[in-house]
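Computed from the coordinates by the stated procedures, all read-outs in this text should not be read as laboratory data. This one's a predicted model, so the numbers in the text were calculated from it and none came from an experiment. Here the Cβ positions follow ideal geometry from the backbone for every residue, glycine too, while neighbour counts run over all protein chains shown.
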Amino acid sequence: MSGIVTPFPGGSVRAAGQVGFERIELMRILDLYGRMVAAGHWKDYAIDFERDVATFSAFRRAAERPEYRIEKRPALRHRQGMWALLGEHGVVLKRGIELGPVLAPVERKLLRLIED
């Protein structure tokens, strides 16, 4: 058993083509999520990694559709921008090349929540 590594069947093929969040991107998203939780607005989240998209979904309650979805689609990097903010009904609210401006509408909402 010493020195022998057995790869997980099919894992390397899927992982090579799978889209994910980089550490700095995930830190930025989770920071916003934490502030929304502290404001009492969000209660749960989900992260989904697929072949062409990585999605972070934020929920007000666990048993409903997400209030916001943040999607990363690297295939759209040179067209519309790889980042998209989608609303509760799947409507694209903001799209862009960088994550910060795409998260701006949610951060403005957070400021309104804190002021109230």
Hits among lysines - C-alpha to C-alpha of residue 72 under 18 Å, sequence gap 8 or more where chains match: 94
Reduced Cα scattering model of the range 20-115, Debye log10 I(q)/I(0), q = 0.10, 0.16, 0.22 Å⁻¹: -0.24, -0.63, -1.20
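Between residue 109 and residue 5, how high is the FRET efficiency from 1/(1 + (r/R0)^6) when r is the Cβ-Cβ distance and R₀ = 30 Å? Nearest 0.05.
0.05
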Proximal lysines relative to residue 43, as straight alpha-carbon distance under 18 Å, when same-chain residues fewer than 8 apart are discounted: 109
Inter-label distance for residue 24 and residue 51, nm, one decimal - labels placed 7 Å from Cα along Cα-to-Cβ: 3.0
Farthest positive-ward along the range 20-115 dipole, Cα basis, beta-carbon charges - from 66, 21, 86: 86
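Mind checking the full-extension length gain between residue 92 and residue 41? Use 0.36 nm per residue of separation minus the Cα-Cα distance, one decimal, nm. Mind showing how you got there, number by number?
Values: separation 51, 0.36 × 51 = 18.36 nm, distance 2.09 nm.
Between residue 92 and residue 41, full extension yields 16.3 nm more.
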